[in-house]
1. Across the chain, how many lysine pairs, 8 or more positions apart or on different chains, have C-alpha atoms separated by under 24 Å? Please give the number.
2. What number, in nm² with one decimal, is the all-direction average of the projected area of the convex hull of the alpha-carbon atoms of the stretch 113-195?
3. Summing -39500 (n - 2.57) over the DSSP H runs of n ≥ 4 in the chain and dividing by its residue number, what mean residue ellipticity at 222 nm do you reach, to the nearest 500 deg cm²/dmol?
4. Which whole-number percentage describes the relative contact order of the chain, with Cα contacts under 8 Å and a sequence gap of 6 or more?
5. Over the stretch 1-134, what relative contact order in percent results from Cα pairs under 8 Å that are six or more residues apart?
6. Considering only DSSP beta bridges with both partners in the stretch 6-107, what is the antiparallel share in %, to the nearest 5?
7. With N residues in the stretch 6-107, what two-decimal value do you get for its Cα radius of gyration over 2.2 N^0.38 Å?
8. Which percentage, to the nearest 5, of the DSSP beta bridges contained in the chain is antiparallel?
Amino acid sequence: MGINQPTWRDVDGERITGTWRPAFIRNAGSYHLTDLIIYADGMVDCWGLETLDGFAAKLRSGWVATELTEGARASAHHLASWKFAEPKTWLTPEMLLGEVRDTIDDLNQRPNSSARCRAAVDVFLADQTDENRQALRTAYEAVPEHMRVYMLGDMDQNDVPVQILIGGVGAPYTTRAGSPAVVTEKTYAWVLDYFAQEAKATAEYRARVPADGPDHAESEPTSVIVPEIVYPKGWPQELDVWVLRNEYPSPIEIGGLAYPTVLQAYWALAVTDDAVREAVLAAEPARLVRSIVREAAVRDGWPQTRLAVMALLLRAKFSQNPDLAAVLAATGEARILFKDGESLFWGERGTRGRNWMGRLLEEVRAELALKNLGADW
């Protein structure tokens, strides 16, 4: 099962990621189509949170059903009810348990059983000993049976090449069409060439660089974090990433009016009450603005225009303060992560947040780079 259906639960303020797949719960002789929710910490919700061992027990007991009884009643909550006629199922409890284990590995970005089998293929191809072949067989058999056809990502050949490697010349295997066959020397030579060509194609793909540049600059860090920090005795004299924060003293002029910081400019333009606006502009230090505007009314349509306003203010900040622009430029091509305990729209907290401030800073950084190239368009 993939993890393209994201969900989560909160545990003591921590977000535990998860995903789900449909399943039947059998209760009092009836079947109920529901969501089986699997979480990264190994918990499984099957009409109640269970550990992986508890989930396995629910599978063995038939509470989580992999067999459907002819004529039994079934329902999908608030959707429909029916009786089974000639039901057919493909999963066994062991297969579904293996799938859930793989999903937990996927959620934790660990190699799942298919990835471990693929690694065993590489080990065997590099050194075709009986020991490595047996290790490959063990890894292959650990893949849930219904997931084996997907392990190579090749729906033309499914898992046939792996079967041939495991058996060797003279061994039986099952073709993609489901027919029994025996590995010949020609077949085995073909499968060795198959994996050689696959390795070549993979290496070429990974080395390929898009025409407009790589996804990540090799010489730059993957990300730059703009921390949410407070300096009670004043900002440091040296310039570093903290100058990217909106409360950092950076006088700007917009429409003929001067503002001491981007934070104060933003809220002075946002609020409708003159007294609040004056308090915003007089706030010292600027971080106090957040408490001043907490209950303030803002202009009509502000949520729809705030991104454009912030972009305007950031362009002014870095075009009118070259020393700060140099700090922004020094982040290179790195992703900018803006920490913000107040707003998950502008920043991020843990794994949550839209990080719009970080994205706007990257946009302004690119505009500065374009200007430095001397482009006249």
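1. 7
2. 4.9 nm²
3. Calculated at 222 nm, the ellipticity per residue is -12500 deg cm²/dmol.
4. RCO, the chain: 8 percent.
5. For the stretch 1-134, the relative contact order is 20 percent.
6. Given both bridge residues lie in the stretch 6-107, the antiparallel proportion sits at roughly 90 percent.
7. My calculation over the Cα atoms of the stretch 6-107 gives 1.11.
8. 80 percent
Each reported figure results from applying straightforward, stated rules to the coordinates on display, with no laboratory input. Bear in mind the structure is a predicted one, so any value in this text is a computation, not a measurement.
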